[in-house]
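Inspection log for the structure reproduced underneath, given as structure tokens.
The values are calculated or read from the model by the stated rules, or taken from the named source; none is laboratory data. Predicted model only: the values in this text are computed from it and were never measured. Cβ sites come from the backbone with ideal geometry, for glycine too, and all protein chains shown count toward neighbours.
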Amino acid sequence: MNQPQQDRQPLATMVFVACMILIVFSCVGCSTVVPVTQKFPEAPGNVAMTACPQLQKLAEDAKLSDISKTVTVNYGTYYECAVKTDAWIEWYNIQKEIFNKLK
């Protein structure tokens, strides 16, 4: 009976050592000496980063029909740019909020 117990002793020691090594690696494996920094996400696409176009100007001898066309075009250009800018500001605020929650 003494012989089988002696055969089990090295096996038990090896299992114990293997478990201790796994425990040490699992605790130490998650740490790092290099500081981890989070990067704020990039803005989506080039559409949000392009400047708004210049509004049209009236000529010195503009007729009433020219004024009406220019006002209509400028109105559309302005509100298109406003929607694009508002969407970008909304995206930025949402991303900033998410980023700050992760810190």
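Descriptive notes on the structure:
For (1) in a helix (DSSP H, G or I); (2) on the phi > 0 side of the Ramachandran plot; (3) modelled with pLDDT under 85, each residue gets a yes or a no:
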{"position": "P4", "(1), (2), (3)": "yes, no, yes"}
{"position": "A12", "(1), (2), (3)": "yes, no, yes"}
{"position": "F16", "(1), (2), (3)": "yes, no, no"}
{"position": "M49", "(1), (2), (3)": "no, no, yes"}
{"position": "Q56", "(1), (2), (3)": "no, no, no"}
{"position": "D61", "(1), (2), (3)": "no, no, no"}
{"position": "I67", "(1), (2), (3)": "yes, no, no"}
{"position": "V83", "(1), (2), (3)": "yes, no, no"}
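- On the stretch given as the range 56-95, residues that are hydrophobic (A, V, I, L, M, F, W, C), surrounded by fewer than 12 Cβ atoms within 10 Å (Cβ to Cβ) and under 30 Å from P41 (Cβ atoms) total 4.
- When the residues of the range 18-46 are filtered to those that are surrounded by 10 or more Cβ atoms within 10 Å (Cβ to Cβ) and not hydrophobic (A, V, I, L, M, F, W, C), the one that is modelled with the highest pLDDT is P41.
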